[in-house]
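Step one of this worksheet: look at the structure below.
The values are calculated or read from the model by the stated rules, or taken from the named source; none is laboratory data. No experiment lies behind these values; they were computed from the predicted model shown. Positions of Cβ are generated from backbone atoms using ideal geometry, with glycine treated the same way; all protein chains shown enter the neighbour counts. Surface areas here come from the heavy atoms of the whole protein model, side chains and all, with no ligands, DNA or RNA. Shrake-Rupley method; radii C 1.70, N 1.55, O 1.52, S 1.80 Å.
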Amino acid sequence: MKTFTLVVGAVYGLLSVVLGAFGAHAFKKILSVERLESFETGVRYQMYSALFLLIVGYILKFETPAEKWISILMIVGTFLFSVSIYFLSFSEVWNANLKFLGPITPLGGLLMIISWAMLIFYFLKHKI
């Protein structure tokens, strides 16, 4: 789980830099300002999550279910949050009705919040 967390953190970081570059250059020409801002929010939170995963990947020993869930919730939450924002940002460009993804974004955010809360409790319990 430790290696998986570190690899996903690195992949999320890599993809956020690539997507951020596209957002700053190529996507400026095809997305409205509002959609581009949403896209950039997804990229920003993906990078925050990448750093989170890299840090917890080094700090946690992944010996308990709680430690594993800290990682799993952040990985899944980030995917749901950021990917749903990416797709919603392009819904007009693709001329697709992707409104069903709307509730997915806050669900992903909730999972990320729970992961952060679990990390706080972990630190308090272990007095790190």
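Per-structure values
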| item | result |
| --- | --- |
| Length-normalised contact order of segment 1-126 in % [C-alpha pairs under 8 Å, at least 6 apart] | 28 percent |
| Area accessible to solvent at Thr64, 1.4 Å probe radius, in Å² | 60 Å² |
| Cα-centre dipole for the chain with unit charges at Cβ (Lys and Arg positive, Asp and Glu negative), debye to 20 | 220 debye |
| Under 24 Å, Cα to Cα: Lys pairs in segment 1-126, sequence gap 8 or more or different chains | 7 |
| By accessible area with a 1.4 Å probe, ligands and nucleic acids excluded, highest first: order of Met74, Met1 | Met1, Met74 |
| Dipole of the chain, positive direction: furthest Cα of Gly23, Trp116, Thr105, with charges on the beta-carbon | Trp116 |
| Low-density loop positions, trypsin sites (Lys or Arg not before Pro), segment 64-128 - DSSP coil, at most 12 other Cβ in 10 Å | Lys127 |
| Extension gain from Ile30 to Val76, taking 0.36 nm per residue of separation minus the Cα-Cα distance | 13.7 nm |
| Longest exposed-site-free window of the chain, the sites being GluC sites (Glu not before Pro) in a DSSP loop that have at most 14 other C-beta atoms within 10 Å | 1-62 |
